[in-house]
Each structure stands twice: as C-alpha cells, then as structure tokens.
Amino acid sequence: GAGVSQSPSNKVTEKGKDVELRCDPISGHTALYWYRQSLGQGLEFLIYFQGNSAPDKSGLPSDRFSAERTGGSVSTLTIQRTQQEDSAVYLCASSVTSGRAGELFFGEGSRLTVL
Amino acid sequence: DAKTTQPNSMESNEEEPVHLPCNHSTISGTDYIHWYRQLPSQGPEYVIHGLTSNVNNRMASLAIAEDRKSSTLILHRATLRDAAVYYCILRGLYNAGNNRKLIWGLGTSLAVNP
C-alpha cells in the first residue's frame, strides 16, 4: 500500500503480558514517530527515529516500553508487562524529512486494551 | 506544554464556511504553522502549513496574522466529512526537543450540522 501501515489494528491483552505493535512506514521516509493517544486526549510523543541516527527515546513513559527500527524501515514498539494505564491508541507516523516543513503521514493506529 | 491554544469545540452548518482559530503568541520567527485533522477512529491527516503568507490548497486555506501570533484555518464549504478534531501545531527550525516531539494540544472538535 501507499500509506503507513500499522498492525494489529486492535489488540486485547491481559495485564502483565507483553505486546508488540508494528509500523510499516511509507517507502523512502527517513523519519518515523510513535505517539500514544488516550481516550479524548491529544497525541503524546513516545519515540522518534531519523535515518541511522540514535533514536530520541525521551517520550517513553517507562523502561517497559522499547522500540526498534530495522533497516531504516519497519519499526516495532514493544510494551512489556502491560498495565491497564497502557490502554490507548498507538499511532505511527512517517515523514520524508524531519525538517519543519515536512508533512507527517499517520497510520490508522493500533488500539491496545489491557484487561 | 502546548504552544498553541484552540477552542475546545466549534459547530457549523453544512455548506457554510468555517473559521478555526489558533493562538500561538510565543511563536518564533522560524516556526512553521501546521494544521492536521483527525477523523473519528483514524490517525491524523495533514491539512495545510505555512510560514508567513496565506496559503491555499484543495482542502483549506490558512490565514496567518501579520504578527504571526495567530492563524485561522478556513474551510470554505463545510461538509459532513469535515467533522473532525483539528490540531494546530508549530514546527521549529531545529530538529530537536519540542520541535521533534511536536506538541499536540487537544485541538478543536468541529461538528457539522446537516
């Protein structure tokens, strides 16, 4: 597809389990962002990848959260030992440039529900 | 901390123009003003961006105040499909810190009446 693809679209898990969320950015986009959106809230920055540079992990809320981006393309966000407060929609976005005029293209998100 | 201020909600009638305001009184001279919208159950989508001059595209127009401390997104003829949350954000020159994180507030929830 031509857009940003995220999977799974919905994930229900039990508290304490680990989950992996996948993002397939638009081909050629060097910048990749992960955001979290809780119900009725704005977007909360989690992590940013730019090319081969070290990622900006400053938004990750705890050490249970980690992300990687392989080969400058696909990214996986991993949440270990999930808690109920992790329930949210996790959004991935990519951009051809990290510059200030760059447009972000978002996926449709992965809705995570922790029971 | 959000660097922009928008009304929580607005309402419009179908086929009428809509003016969505955004205040950004602490904007720096190199910040671009971006607008995104988020339809229900979807990720945000880009609408328009500008620096100083007014901008037009197929989706909307962006009017930027002369002092750049505020801007207005203009939908010329609202349709039911335009019902969404509209976000105004600033993107700075240097790709670091908040410029990278892109501070998203709560946006304006636009309702369009048939």
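The values are calculated or read from the model by the stated rules, or taken from the named source; none is laboratory data. Everything numeric here is computed off the predicted structure, so don't read it as measured data. Neighbour counts are summed over all protein chains in view; Cβ atoms, including those assigned to glycine, are modelled from backbone coordinates with ideal geometry.
Can you say whether A:Gly102 is modelled with pLDDT of 95 or more, crowded, with 20+ Cβ neighbours inside 10 Å, touching a strand residue (DSSP E or B) at 6+ places or on another chain (Cβ under 7 Å) and within 12 Å of chain B (Cβ to nearest Cβ), as far as the supplied structure shows?
On the way: modelled with pLDDT of 95 or more: no; crowded, with 20+ Cβ neighbours inside 10 Å: yes; touching a strand residue (DSSP E or B) at 6+ places or on another chain (Cβ under 7 Å): yes; within 12 Å of chain B (Cβ to nearest Cβ): yes.
When the stated conditions are applied, A:Gly102 does not pass them.
Could you check B:Ile64 against (1) at pLDDT 95 or above; (2) within 9 Å of another protein chain (Cβ to nearest Cβ) and say which number it fails?
(2)
Among the residues of the stretch A:24-48, write down those that are part of a strand (DSSP E or B), out of contact with any helix residue (DSSP H, G or I) (no Cβ under 6 Å at 6 or more places or on another chain), farther than 16 Å from A:Asp86 by Cβ and within 11 Å of chain B (Cβ to nearest Cβ).
At the first step, the residues of the stretch A:24-48 found to be part of a strand (DSSP E or B) are A:24, A:31-37, A:44-48.
Then keep just the ones that are out of contact with any helix residue (DSSP H, G or I) (no Cβ under 6 Å at 6 or more places or on another chain); that gives A:24, A:31-37, A:44, A:46-47.
Checking which are farther than 16 Å from A:Asp86 by Cβ leaves us with A:24, A:31-33.
Across the stretch A:24-48, the qualifying residues are A:Ala31, A:Tyr33.
Just wondering, is there one or more residues in the stretch B:36-56 that are in contact (Cβ under 8 Å) with a residue 40 or more places away in the chain and of a type in the set (Gly, Ala, Ser)? It would help to see each step written out before you state the result.
Step one: of the stretch B:36-56, the residues in contact (Cβ under 8 Å) with a residue 40 or more places away in the chain are B:36-40, B:44, B:49.
Adding the requirement that they be of a type in the set (Gly, Ala, Ser) leaves none.
No, that holds for no residue.
So which of B:Ser53, B:Ser61, B:Ser71, B:Ser28 ends up being crowded, with 20+ Cβ neighbours inside 10 Å and farther than 24 Å from A:Ser38 by Cα? Give the steps one after another, and end with the answer.
Details: B:Ser53 fails: crowded, with 20+ Cβ neighbours inside 10 Å; B:Ser61 fails: crowded, with 20+ Cβ neighbours inside 10 Å; B:Ser28 fails: crowded, with 20+ Cβ neighbours inside 10 Å.
Exactly one residue qualifies, and that residue is B:Ser71.
What is the one condition in (1) within 14 Å of another protein chain (Cβ to nearest Cβ); (2) touching a residue at least 60 places away in the same chain (Cβ under 8 Å); (3) not basic (Lys, Arg) that A:Gly59 does not satisfy?
(2)
Say we look at the stretch A:26-54 and pick out the residues that are in contact with a Leu (Cβ under 9 Å, 6 or more places away or on another chain) and surrounded by fewer than 19 Cβ atoms within 10 Å (Cβ to Cβ); which of these is modelled with the lowest pLDDT?
First pass over the stretch A:26-54, keeping only residues in contact with a Leu (Cβ under 9 Å, 6 or more places away or on another chain): A:31, A:33-37, A:40-43, A:45-50.
This time we only want the ones that are surrounded by fewer than 19 Cβ atoms within 10 Å (Cβ to Cβ), so: A:40-42.
On the way: A:Gly40: 82, A:Gln41: 85, A:Gly42: 87.
Among those residues, the one meeting the criterion is A:Gly40.
Touching a strand residue (DSSP E or B) at 6+ places or on another chain (Cβ under 9 Å), in a loop (DSSP other than H, G, I, E, B), touching a residue at least 24 places away in the same chain (Cβ under 8 Å) and on the phi > 0 side of the Ramachandran plot, is that true of A:Gly72?
In short, yes.
Could you tell me which numbered condition A:Ala67 fails, if it satisfies all but one of (1) within 14 Å of chain B (Cβ to nearest Cβ); (2) among the aliphatic types (A, V, I, L, M); (3) buried (at least 19 other Cβ atoms within 10 Å of the Cβ)?
Checking A:Ala67 against (1) within 14 Å of chain B (Cβ to nearest Cβ); (2) among the aliphatic types (A, V, I, L, M); (3) buried (at least 19 other Cβ atoms within 10 Å of the Cβ), the one that fails is (1).
Within 14 Å of chain B (Cβ to nearest Cβ) and among the β-branched types (Val, Ile, Thr): which single residue out of A:Val114, A:Val89, A:Val74 fits that description? Walk me through how you get there before you give the answer.
Numbers: A:Val114 fails: within 14 Å of chain B (Cβ to nearest Cβ); A:Val74 fails: within 14 Å of chain B (Cβ to nearest Cβ).
Step by step, each of A:Val114, A:Val89, A:Val74 is checked, and only A:Val89 is within 14 Å of chain B (Cβ to nearest Cβ) and among the β-branched types (Val, Ile, Thr).
For the stretch B:74-91, which residues satisfy the criterion of being surrounded by fewer than 20 Cβ atoms within 10 Å (Cβ to Cβ) and among the charged types (D, E, K, R)?
Within the stretch B:74-91, B:Arg77, B:Arg81, B:Asp82 qualify.
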